[in-house]
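Okay, so here's the structure we're looking at.
A short reminder: the numbers here are calculations on the coordinates, not readings from a lab. This is a predicted model, so every value here is computed, not measured. Don't worry about glycine lacking a Cβ; one is built from the backbone with ideal geometry, like all the others, and counts go over all protein chains shown.
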Amino acid sequence: MIERDAASHVLAMLPWRGALAAVLADGRWLTPGDEGRATTGECLAAAGNGTDVVVADDSGAVTLLGRDEPAMVLAGQWVDQVAISPDGKWIAAAAGKRVHVAPASGGAARILEHDSSATGLVFDARSKRLAVSHYNGASLWWLNAADSKPTPLSWVGSHTAITWSPDGRFIVTAMQENALHGWRLEDKADMRMSGYPAKTKSFAWTDRGRCLATSGAHSVILWPFADRNGPMGKAPRELAGPGALVSQIAAHGRYDLLAAGYADGSMLLYRLGTSESLMVWDNADAPVSAAAFSATRWGAARRTGGCSGLTCHSECPHTENHVIFISSIRHDPHHRFRQPAFPDGYACLRRRRRCGWGEIFQPYLQGLPFSAARQERCRPSLAGVVGRKAGTAAGFKFSPSYGASGATWNAQTLDTYLTDPRKMMKGSRMITKVAAPADRANVIAYLATLK
């Protein structure tokens, strides 16, 4: 796992040129091995299409990441939103009630007027239309018809973000109230998705558009969109987490992998085809503020202090720093989490090719500190865990059940714990289970080697 100190607010984390790029509010971009300037001034907005990234700065320049010349300049205007079409041929930028659409290669921009400020932009999968969310609904525009009028989608209220299903059948918006609203485009039928304890600020289409995964609750909420009725009359699926509110959602474009960041700093990966989940890191007392997948990597960022507002920029006296984590991940035909290489000291499980837990959850083990010198505030060290009393590792705040259990970690207690951590330790944030007895034995044998 690669860890970098961003030293600025992470505005977005997006796939770019086969890697993952973090776009920072101070105008820089970071990848695992490189960095550069995304904008000449402070960056206000960023968006991507899986290959390219478009950014806007405080001078009104809208630029493709990696290019020197802006695609368009909205001089003197504050750019709230940007978007780039899936084919990379169009970019859009919203400034107040106006949305400017121009070829990504440069050229005259078309101005789309609205009655209220544009709050979200999204192109359809075929790069033929642009959807704009605003107060009281959304508007759909044809890109190649210069004189066309927008198709209105109406619903009273403030719509704060927008997404378009990959199959083109549905539009969904996040509301200022704790709800989502959607439309079936063939007949503009309304779809109401409510019951959230907080506002939905992050969502992603999973399983090739068959489900919409959303934040805003204490578990990941997945709304079904497989048939023409979408979520109407159906209950959503829930993916359990550590108990904090979900703050960020990201989905892999090809595999059934979902990443969820939580307000307490926890980060989980889920396999949607099964009930399996992976705790990448535990409570860190700072929200996960960005998450993304590329073809072979996942990445996330979390705040490390300062202002708690996600719109804080580098000139703010309460400037926050973000720490970025990026890790490789491969998905095999048997739906197992894997990494391409094992770290030093992991040869024990590397030799045990049949140790399914070591293969599936190796990213979790790699992130754990195996020695006291690598102690991290978000996880207890595993060095010397065998023979240690539960809940006594220095530098880590355990759930009360660990200390109250009076357990000492040995082969028997570790076997019980790995079978079902939350059953043994009530209220534990550890959710990873090891079902096979042979896998548990291999893991326990490995833990006994850590001194």
*Cross-link partners of K128 among lysines (Cα-Cα below 20 Å; sequence separation of 8 or more within a chain)*: K89, K149, K188
*By count of other Cβ within 10 Å, fewest leading, how are H114, H134 ordered?*
H114, H134
*Computed FRET efficiency, Cβ-Cβ of D167 and I111, R0 35 Å: what is it to the nearest 0.05?*
0.75
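Can you pull the Kirkwood radius for region 96-200, inverse mean 1/r over Cα pairs, to one decimal in Å?
Working: mean 1/r = 0.0707 Å⁻¹.
When all Cα pairs of region 96-200 are included, the Kirkwood radius is 14.1 Å.
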*Where a Cα-Cα gap under 27 Å defines reach, which lysines qualify for K397, not counting those fewer than 8 residues away within the same chain?*
K389, K423, K426, K433, K451
*Relative to the compact-globule scaling 2.2 N^0.38 Å, provide the ratio for the alpha-carbon radius of gyration of region 2-338.*
0.94
*Just report the Cα centroid separation between region 85-112 and region 167-222, whole Å.*
25 Å
*Any chance you could run the full-extension gain for S158 through R228? It's 0.36 nm times the residue separation minus the Cα-Cα distance, nm to one decimal.*
22.6 nm
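Answer rounded, prolate or oblate for region 28-75, using the Cα gyration tensor with square roots of eigenvalues a ≥ b ≥ c: rounded when a/c is under 1.5, else prolate when a/b is larger than b/c, else oblate. Mind dumping the intermediate values first?
Numbers: a/c = 1.95, a/b = 1.47, b/c = 1.33.
It is prolate, given that a/c is not under 1.5 and a/b is the larger ratio.
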